Amino acid sequence: QVQLVESGGGLVQAGGSLRLSCAASGQTNSSYNMGWFRQAPGKEREFVAVVRWSGVSTYYADSVKGRFTISRGNTKNTVYLQMDSLKPEDTAVYYCAATARLGDYDRTRSWGYWGQGTQVTVSS
């Protein structure tokens, strides 16, 4: 079992920045790929970004490419999402996710572990 805890959400004006963190605990001796998803009110949960367990390969949704950066901490039990040039449409609850086997990384069904989410609100 892996437990994920997100932090760093909040309220920011359009054009501003936030940095989300996700700390993994439990059975973290395995090599887990980690990612971020988000869910806006009335919408389905959507993929944002993923980083492979090695920390080398990253993938992004087109809507955030060039503005968001995902990275892993030195211990690889922590993952960050640096969000710059934020837009009101980025407003959502952001969820951290982990999986040992990375298949269709943009599908929620590919991820076995989820955090409780952290709210990000971008005002115009």
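Each reported figure results from applying straightforward, stated rules to the coordinates on display, with no laboratory input. Here the structure is a predicted model, which is why all the values come from computation and not from measurement. Using ideal geometry, Cβ is built from the backbone for each residue, glycine included, and neighbour counts are taken over all protein chains shown.
At-a-glance table
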read-out	value
Ratio of the Cα radius of gyration of the chain to 2.2 N^0.38 Å, where N counts its residues	0.97
Karplus (6.51, -1.76, 1.60) ³J(HN,Hα), θ = phi - 60°, over segment 60-73, in Hz, Gly and Pro reported as x	9, 5, 4, 5, 10, 4, x, 10, 10, 9, 9, 8, 10, x
Amide H partners (placed H, <5 Å) of G16, local residues excluded	L86
Loop-located GluC sites (Glu not before Pro) in segment 41-92, at most 13 other Cβ atoms within 10 Å (DSSP)	E44
Relative contact order %, the chain, counting alpha carbon pairs below 8 Å whose residues are six or more apart	35 percent
Bins of 10 Å, starting at 0 and running to the largest distance - Cα pair percent for segment 72-117	21, 46, 31, 2
Förster-model FRET efficiency, 30 Å R0, T69 and A40, C-beta, rounded to 0.05	0.90
The chain - share of DSSP beta bridges that are antiparallel (%, nearest 5)	90 percent
Net charge, L4 excluded, C-beta distance under 15 Å - Lys, Arg +1, Asp, Glu -1	+3
For segment 111-116, Karplus couplings with θ = phi - 60° (6.51, -1.76, 1.60), whole Hz, Gly/Pro x	10, x, 10, 9, x, 8
Partners for K87 among lysines (Cα-Cα distance below 24 Å; same-chain residues under 8 apart left out)	K43, K65
